[in-house]
Amino acid sequence: MESQPTVLWDIDFSYPGIGIKVEFIVMQEYLNQMESSIQAVCQNYIKQEEIKYSHLEFEEYVHIYSVAEDMMPRIIRMPFVVTIYTLFENSIELLLKYAQEKENKTLGFKDINGDSLVSKYNKYMEHILNYEFKFNSDDIAKIKNISKVRNFIAHTNGNIDVMSKDKMGDIKKLSENNIGIIIEGSQLDVSYDFLNNSMRTVNVVITSLMEFMENKYNLNAYRNYHAIKSET
C-alpha cells in the first residue's frame, strides 16, 4: 500500500513550498545587504593596505584603489547569479516532483525533451500533468538571459577572452540591452540592479506556479501561513 504524505493541522509537509519561501526570504535579505557589505569590505581593505604601504610613495600602492573599486565588488557580486539560477531550477524541480507524486505519474520532468529548461517544464506540465498553467514567453525570455549569464560565470568565471566567438557574441548582445550586464576590458561584470531584477523574476515565476498548485491541491494551510507571514 502506497504511503500517504504526513498531514498535521491540515498542512501537507511533503509540499516544498514553505521551504522554498524560506530560501527566498534568506536570499533576498542577503541581497538587500550586499551593497553595504561590499562597501564595508572594500573600505576595510583600503584601510589595511594604506597602513601596510604607508612608508611608500602613493604611486607605488595606487593599485589598491582599483582592486577595491572594481575587482572586489565584481568578485562578490558575480557568484550570486549562479546562486539565483540554482534557486530557480531547484525550486521548480522540487515542485514538479511533488506534482508528479500527487498526480501518480510515472514520467518525471527529466524524461521530457525541450529546447530549453523552461520549455521542458512547460511541456511536462501541459502533456504529463495536464496543468492549465504555463510560464509565459516574457518570463521564459528573462530566465533564459539569467541562464546565459549564469553559464558564462560558471564556465569562464566571467573571462571574455576564453569564451567561444558565439558565446562572446551572445554576452555582448546582452550587455547592449541595458539589463545590467557590463563588459570592462576582458571581464564580465553584473550590476546590483541585474541581481535584484533577476531575483524578482525568479520570485515571480516560482510564486506563480506555487499559487496554482496551492489552489489545485487545496493547500489552505500553506496559504494561511503565507498570509500570516506577509503581515508580520
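Alpha carbon centre of region 14-30 versus region 100-143: separation in Å?
Centre-to-centre (Cα) distance: 22 Å.
Is there a quick way to get the dipole size of the chain? I mean about its Cα centre, with the Cβ of Lys and Arg at +1 and of Asp and Glu at -1; what is the value in debye to the nearest 20?
Values: 24 positive and 33 negative charges, 136 e Å.
So the dipole magnitude of the chain works out to roughly 660 debye.
So which GluC sites (Glu not before Pro) in region 81-134 pass both tests, a DSSP loop state and at most 11 other Cβ atoms within 10 Å of the Cβ?
Working: sites: Glu89, Glu93, Glu101, Glu103, Glu126, Glu132; in loops: Glu103, Glu132.
Passing both the DSSP loop test and the Cβ count: Glu132.
Hey, in the GNM for the chain with a 10 angstrom Cα cutoff, which one of Phe24, Phe80, Phe212 fluctuates hardest?
Phe212
Given the DSSP H assignment, sum -39500 (n - 2.57) over each helix run of at least 4 residues in the chain and divide by its residue total; what's the result at 222 nm in deg cm²/dmol, nearest 500?
Values: 8 runs with 146 residues, N = 232.
After summing the helix terms and dividing by residue count, I get -21500 deg cm²/dmol.
With Rg/Rh (Cα atoms, Kirkwood Rh) defined as stated, name the option among (i) 1.08; (ii) 0.97; (iii) 1.12 computed from the structure displayed.
Correct label is (i).
Within the P(r) computed for region 158-202, what percentage of the Cα pairs occupies the region above 16 Å? The partial results should precede the final answer.
Numbers: 376 of 990 pairs.
Summing the P(r) of region 158-202 above 16 Å gives 38 percent of all pairs.
What are the membrane-span-like helices in the chain by this rule: whole DSSP H runs, Cα extent along the axis at least 18 Å, mean Kyte-Doolittle hydropathy at least 0.0? Walk me through the numbers before you get to the answer.
On the way: long enough: 17-52 (50 Å, -0.12); 72-102 (46 Å, 0.34); 137-156 (28 Å, -0.36); 192-216 (36 Å, -0.05).
Helix filter hits for the chain: 72-102.
Normalised by the residues of the chain, what does the relative contact order come to in percent, with Cα pairs under 8 Å and at least six apart?
Details: 168 pairs, mean separation 53.8, N = 232.
Computed value for the chain: 23 percent relative contact order.
Please list the non-local residues whose amide H lies under 5 Å from the amide H of Gln187, H modeled 1.01 Å from N, same-chain partners needing a gap of 5 or more.
Close amide H contacts, sequence-distant or interchain: Ile160.
We did not get these values from a lab; they are worked out from the coordinates using the rules stated. Here the structure is a predicted model, which means the values were calculated and not measured. Glycine gets a Cβ as well: all are built from the backbone with ideal geometry, and neighbour counts include every protein chain shown.
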